[in-house]
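S.K.: Mind having a look at this structure? Questions to follow.
Each value in this text was obtained by applying a stated rule to the coordinates, not by laboratory testing. From a predicted model like this one, the values you see are computed outputs, not experimental measurements. Note that each Cβ is placed from the backbone with ideal geometry, even for glycine, and that neighbours are counted across all protein chains shown.
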Amino acid sequence: GQSLEQPSEVTAVEGAIVQINCTYQTSGFYGLSWYQQHDGGAPTFLSYNALDGLEETGRFSSFLSRSDSYGYLLLQELQMKDSASYFCAVLNTGGFKTIFGAGTRLFVKA
Amino acid sequence: NAGVTQTPKFRVLKTGQSMTLLCAQDMNHEYMYWYRQDPGMGLRLIHYSVGEGTTAKGEVPDGYNVSRLKKQNFLLGLESAAPSQTSVYFCASSYRDTGGPGELFFGEGSRLTVL
């Protein structure tokens, strides 16, 4: 089977840096993705890691360690509009399914 | 270029009724997915398709059927709706990226209530 664990909630202050962790268990691991979802909206893609290391996209960075089955999403210079839910998702090679974690609700305070 | 379009966006059903959700994408994507989202449970994969004429079960397939007769369309059917199927349903599609699925593009969601 597959499982992903991420914190249910994180609170941070505007302008700060926050890290959202994700650990996973899966067979045939292919890569780890991150998605953002605002209330009432659809998930939107943020980043994807297939290899170990850090991927940077503007204020957002994502890290993967395949040996530790662990990844994180790093959000810098937090803005109020970053208040949303963030999902990690595992892509596996057995059928090309994308399985999501339960999501982390990020609250950004002024 | 509309992306991924879901219809209907809202629907109320009575227990035992049937209905079909339609997902259409205009990006020529190979992969298509149906997810359901319930509070506190993230997105759970119902069924998916890796190409026209193919379908496969996801994490929570019971009570649902799907068809992918045309590459651009992926239909999700509920034969006999139950209150437990009250949820927000998201369709997604993706291209083939170095052998596997790439970024998922989501529709706006379909909110289904079963009374």
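S.K.: Comparing A:Gly28, A:Gly58, A:Gly15, which has the greatest mean-square fluctuation in the GNM of chain A with Cα pairs linked when under 10 Å apart?
M.R.: A:Gly58
S.K.: Rank B:Asn65, B:Asn73, B:Asn28 by mean-square fluctuation in a GNM of chain B with C-alpha springs under 10 angstrom and give only the top-ranked residue.
M.R.: B:Asn28
S.K.: Next up: List, largest first, the extents of the alpha carbons of segment A:1-82 along their principal axes, each in whole Å.
M.R.: Here the spans come out as 37, 27, 19 Å, largest first.
S.K.: Also, quick follow-up: Fewest Cβ neighbours within 10 Å first, please rank B:Phe106, A:Phe87 accordingly.
M.R.: The fewest-first ordering by Cβ neighbours comes to B:Phe106, A:Phe87.
S.K.: If you don't mind, there's one more thing I want to ask. Could you size up the charge dipole of chain B around its Cα centre, putting +1 on the beta carbon of Lys and Arg and -1 on that of Asp and Glu, and report it in debye to the nearest 20?
M.R.: Using Cβ point charges on Lys, Arg, Asp and Glu, chain B gives about 300 debye.
S.K.: Using the count of nearby Cβ atoms within 10 Å as a rough guide to exposure, how do B:Val66, B:Val12 rank from fewest to most?
M.R.: Ordered from fewest to most neighbouring Cβ atoms within 10 Å, B:Val66, B:Val12 come out as B:Val12, B:Val66.
S.K.: Let me ask something else. Expressed as cubic angstrom per residue, what is the convex hull volume of the alpha carbon set of chain B?
M.R.: For chain B, the hull spanned by Cα atoms encloses 95 Å³ per residue.
S.K.: Taking the Cβ of A:Gly58 as the centre, find all other residues whose Cβ is under 12 Å away and add up their charges (Lys, Arg: +1; Asp, Glu: -1).
M.R.: For residues surrounding A:Gly58, the net value is -3.
S.K.: What average number of partner chain Cβ atoms lie no more than 10 Å from the Cβ of the residues making up A:24-35?
M.R.: That works out to 2 on average.
S.K.: For the residue pair B:Glu52 and A:Ala110, what label-to-label distance in nm results when each label sits 7 Å from Cα along the Cα-to-beta-carbon direction?
M.R.: 5.4 nm
S.K.: Same structure again: Any idea how far apart B:Leu115 and B:Met27 come out in nm if each label point goes 7 Å out from Cα toward Cβ?
M.R.: Between B:Leu115 and B:Met27, the simple spin-label model gives 3.7 nm.
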